[in-house]
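Worksheet: the structure to be examined is printed underneath.
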Amino acid sequence: MVYLDYSAHTPPDREVMAAFMNTELDNPGNANSPHAYGMQAMELVKSAQNHIRDLMKAPDHEVIFTSGATEANNLAIKGIAESSRHRGKHIVSTPIEHSSVSAPLSYLQEKGWEIDLVRIGRDGKVDLEDLERLIRDDTVLVTCPYVDGELGTIQPVREMASIIAGHPGCRFHIDATQAFGKTEVLSDIADTLSLSGHKFYGINGSGLLLRRKTVSLVPLLNGGASTTVYRSGTPAAGLAVSLDKAMTAAVEHLEERNRLVSALNSELRSRLSEYRKVLFNSPEDAVPHILNISVGNIKGKDFQQALSARGICVSVKSACSVDNLPSRSVFAISRDRKRALSSWRISLSHLTTTEELNEFMKAFDDCLKELENG
Ligand code: PMP
């Protein structure tokens with residue numbers, strides 16, 4: 001098997017798993033209990049929170065541990081919308097959001113919120129002039145993915161933040177799920193920011209929302225006290241410690257891992273460009289971990305299935321999106337429905353080897369012949 005779907009999921013580091021195991025085994029107490037074992041567990045959760053805040057250079061934010069980015073995105077979007085409904089019910093988002101952002105927005109739309117989607121330019125990036133035009137006095141929230149999970153495009157979030165800063169009642173939520181560990185840590189400009197452990201060798205089921213302390217949220221879950229009023233439930237000490245460990249490794253090794261992945265990406269681009277029918281959808285300045293392509297008019301799903309039959313795992317759009325609809329990101333850069341329907345994504349890791357790329361290229365060649373003749 002050759003795994004080239006690291007943007008959907010990464011295997012946890014052994015050290016991360018060990019941190020989880022040891023924390024859970026050595027700390028039998030409930031972190032909310034006011035006794036020695038409880039306080040010991042709470043101390044670990046708090047120290048993970050403090051360390052993550054330092055790592056993310058976010059002294060003005062609270063770290064809210066969640067079950068992943070889906071929960072963090074829901075908490076930020078519904079939480080901000082509900083808590084600012086007296087000020088306005090207008091939200092600006094993008095057409096390239098993950099379903100964990102677009103679905104809560106659809107939910108809010110049904111409840112009477114007005115949602116506008118900013119235009120994406122031919123470079124795959126948010127059109128800043130359009131953003132400026134869309135923000136109104138009653139806009140309470142703007143959302144954007146820092147890195148688009150389909151193409152790997154890095155969005156101009158800093159420039160977006162400058163525009164949003166001109167509207168003091170408007171909050172900025174950044175979905176950094178596909179960005180963390182791949183590009184610069186950037187939290188100073190975000191009112192809320194989500195990420196997920198299983199995208200950077202942490203444990204699936206761990207994630208967080210950074211919340212600027214001046215931003216209030218209506219919580220998703222109602223329950224007892226915890227480390228925060230925004231997320232009830234017994235704090236999961238093992239997950240908090242393991243997330244901290246995975247985040248620390250991601251930041252420490254960012255440059256060296258990116259160098260490895262960039263070399264793999266260049267190699268792959270150069271070998272695939274020998275095929276006349278291959279169109280590259282990822283821009284050259286995307287994160288190197290993602291290479292999205294379209295091959296002739298062959299549907300992305302058909303290519304994925306043919307590769308899967310040969311033990312190669314790639315993805316069509318994101319794992320959580322609806323099948324058989326054209327990719328919105330690819331449509332935005334190409335305005336070509338067929339190209340958007342035939343796109344698929346190879347995602348790389350520092351763990352990927354040249355041998356794996358060789359195996360992939362051999363399978364790619366076989367699949368192309370089979371699908372062209374089929
Ligand atoms: N946002 C983006 C951009 C994602 O790629 C994903 C995962 N595919 C999510 C949010 C949801 O993350 P989780 O799996 O942690 O719920």
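The values are calculated or read from the model by the stated rules, or taken from the named source; none is laboratory data. A quick note: this is a predicted structure, and the numbers were derived from the prediction, not measured. Please note: Cβ atoms are built from the backbone with ideal geometry, for glycine as well, and neighbour counts cover all protein chains shown.
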Starting from residues that are over 17 Å from Ser187 (Cα atoms) and either aromatic (Phe, Trp, Tyr) or crowded, with 20+ Cβ neighbours inside 10 Å (or both), keep the ones in the stretch 53-74 and report whichever is farthest from the ligand (Cβ to nearest atom). Thr66
Out of Lys199, Lys125, sole residue that is among the charged types (D, E, K, R), under 22 Å from Val16 (Cβ atoms) and either modelled with pLDDT of 95 or more or under 23 Å from the mean Cα position of the chain (by Cα) (or both): Lys199
Report yes if Val140 is within 19 Å of the chain's Cα centre (by Cα) and in contact (Cβ under 8 Å) with a residue 40 or more places away in the chain, otherwise no. no
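Answer yes or no as to whether His289 is over 18 Å from Ile64 (Cβ atoms), within 16 Å of the ligand (Cβ to nearest atom) and either out of contact with any His (no Cβ under 7 Å at 6 or more places or on another chain) or not assigned by TED's automatic domain parsing to the domain that holds His51 (or both).
yes
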Mind telling me which of the residues Ala240, Ala263 ends up being in contact with a strand residue (DSSP E or B) (Cβ under 6 Å, 6 or more places away or on another chain) and either surrounded by fewer than 16 Cβ atoms within 10 Å (Cβ to Cβ) or in a helix (DSSP H, G or I) (or both)? Ala240
Kindly provide the set of residues from the stretch 314-326 that are part of a loop (DSSP other than H, G, I, E, B) and either at pLDDT 90 or above or outside the structural domain of Leu268 (by TED's automatic domain parsing) (or both), ordered by number. Val314, Val316
Do any residues in the stretch 355-374 that are in the same structural domain as Ile298 (by TED's automatic domain parsing) have Cβ atoms under 9 Å from those of residues that are at pLDDT below 95 and part of a helix (DSSP H, G or I), where the two are at least six apart or on different chains, and which pairs are they? none
Members of the stretch 80-115 found to be of a type in the set (Asp, Glu) and surrounded by fewer than 18 Cβ atoms within 10 Å (Cβ to Cβ), listed by number: Glu82, Glu110, Glu114
Under 6 Å by Cβ, and 6 or more places apart or on different chains, what pairs join a residue from the stretch 188-204 that is farther than 25 Å from Val215 by Cβ with one that is of a type in the set (D, E, K, R) and part of a loop (DSSP other than H, G, I, E, B)? Tyr201/Asp13
